[in-house]
Amino acid sequence: MENHHQPIEKTKFNASNSTLLKGFFVFILTLILLIPIPIILSIIEERSNYQEQVVNEISTKWSGEQVLYGPYLWMNYKVISENEKGEKIEINESKFISANSNAVKGNVNTSVKKRSLYETVVYHSDLNLQSVFPKYEQILEHLNIQNAQVLSTKLVFGIQDLKGMENRIILHSNGNNYELNSDDALQLEIDSENKNNNLTLLSTTIVPDTFNMQSFNMNIKLKGSKALQFMPSASETFVEITSDWSDHKFDGYALPIQSIQKDQLQTMQWKIFQEHPMKGQYWNGKVDQKNYQFGIEFLQLNDHYEKTYRSTKYAILFIGLTFVAFFFIENRNNFNIHLVQYALVGFAICVNFVLLLSISEYLGFDWAFIISSTATIALITYFVFGFLKSWNLTFKITGMLVILYSFIYCILQLKEHALLVGSIGLFFILLVIMMYSRNIEWNSKK
């Protein structure tokens, strides 16, 4: 009896070893085929960096991100002090004074500038700014000085990129007009206090006796790109911007209190109250103003480089599930699919990502994904039928690839819910594999 059953047991043992060995080699091959993936990812990053360089070049020639600072009052005055010998001397001091309230309202009209394969969002803005400052007498009282001690009073306004100015900035108060011009002396004072400061200061000298600090306004027409931001430099800051761009990112010191979409226009409002704006209403330029910026960034959400990068990260899923399907088919149908055939299918999947990248630069991600995935699935279908000689099995593999590519495409379209949908999808994929593998006799060949 022992001699009668020994060959059968030996056959089962050999079959089991053969299946496990084949599975091991397929696993190793899967890992080997992942080697080109970091190279493809580096190519995507390189193309993305080149795009960023071109976009920055366009922005530099047009106008970069715009940030509006102020307005502020700058007051230079003399005070009596004592030197080391106890002698009384006059010294000059200066202070910046923030407004009680600033209100900015305006429109932003966007357009797209393109160079070669790359494009970026630029805009024209038409803004009106109204400000209210403390009364002149209150300022003198706070500084503990007399009117005779005041040497100069200026109204100061800051812009990030002066190239974006489309008209002269004129300040209107009490029927008088004041033109703001670049102030190199004041610029040096600010730059010495704030390192890596990019703002350009404009100023106009005012006479407090004729200037109404309680009510003045100015119209500002600026062009820029990528973003438009503001400084909450007053105790109360109100900003209302209407934009024709559909995709915005709200970032920085504060978020809008409301955003209303109507007739392809989006109106955003910010309202910020600070008892002590930027660490004090009276200051000397030592405030790190960048920490207080807020506003809108004009996004191009359908970035094909980002989506191609994300899709390439799913390479293990594409290759792994395809090989699992092949492995199950050959075990259930007594086929012997050669490792070279596994490898060629894996290489076809890797080439798909390069094809996706190159086409997306011309047609965008959606059309590129459809074209590259259709071409890859057709190629694998043609190749698989050549050695399986079975339309039934070939259609099963083709159907699996169609479902897989459709699943990945849906995930790539999602934003916040991509992880949830992806993890649920992977769970059901694993469930199908486990249920299908129950019908395989791992210890014998059929």
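Quick look at the numbers
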item: Total charge dipole magnitude, region 64-298, about the Cα centre, Cβ charges on Lys, Arg, Asp, Glu only, Debye to nearest 20; result: 540
item: Centroid-to-centroid separation of region 45-98 and region 253-282 [C-alpha atoms, Å]; result: 23
item: For 184, 244, order by how many other beta-carbon atoms lie within 10 Å, fewest first; result: 184, 244
item: Label-point gap, in nm, between residue 371 and residue 90 - each point 7 angstrom along Cα→Cβ; result: 7.7
item: CD proxy at 222 nm, helix term only [per DSSP H run n ≥ 4: -39500 (n - 2.57); per residue of the chain; nearest 500]; result: -15000 deg cm²/dmol
item: Signed unit charges on C-beta, dipole axis of the chain, positive-most listed residue 428, 136, 256; result: 428
item: Spin-label model distance (nm) - residue 276 vs residue 313, 7 Å beyond Cα toward Cβ; result: 4.3
item: Ascending count of other beta-carbon atoms within 10 Å, so fewest first, for 405, 309; result: 309, 405
item: Beta bridges per DSSP with both ends in the chain, % antiparallel, nearest 5; result: 90
item: Sorted by Cβ neighbour density within 10 Å, fewest at the top, the residues 345, 79, 340; result: 340, 79, 345
item: Violating pairs (Cα-Cα greater than 32 angstrom) within the set 78/105; 221/307; 78/271; 61/95; 163/249; result: 78/105; 221/307; 78/271; 61/95
item: Between 0 and 90°, nearest 10: helix 391-413 axis offset from the chain longest Cα axis; result: 10
item: Charged-residue dipole, Cβ positions (Lys, Arg, Asp, Glu), the chain about Cα centre, Debye nearest 20; result: 2220
item: Stokes-Einstein diffusion coefficient of region 64-298, Kirkwood radius over Cα pairs, 10 °C, 1.306 mPa s, in µm²/s; result: 84
item: Dipole-positive endmost among 241, 63, 387 within the chain (Cβ charges, Cα centre); result: 387
item: Given (i) -0.56, -0.97; (ii) -0.48, -1.09; (iii) -0.66, -1.01, the label whose value is log10 I(q)/I(0) by the Debye sum over Cα atoms at q = 0.08, 0.12 Å⁻¹ derived from this model; result: (iii)
item: Difference of contour (0.36 nm per residue) and Cα-Cα distance, residue 291 to residue 417; result: 42.3 nm
item: Estimated FRET transfer efficiency (residue 264, residue 351; beta-carbon r; R0 56 Å; 0.05); result: 0.85
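Throughout, read-outs are computed from the coordinates displayed, never taken from laboratory work. Small disclaimer: the values here were computed from a predicted structure and weren't measured. No Cβ is skipped: glycine too gets one built from the backbone with ideal geometry, and neighbour counts run over all protein chains shown.
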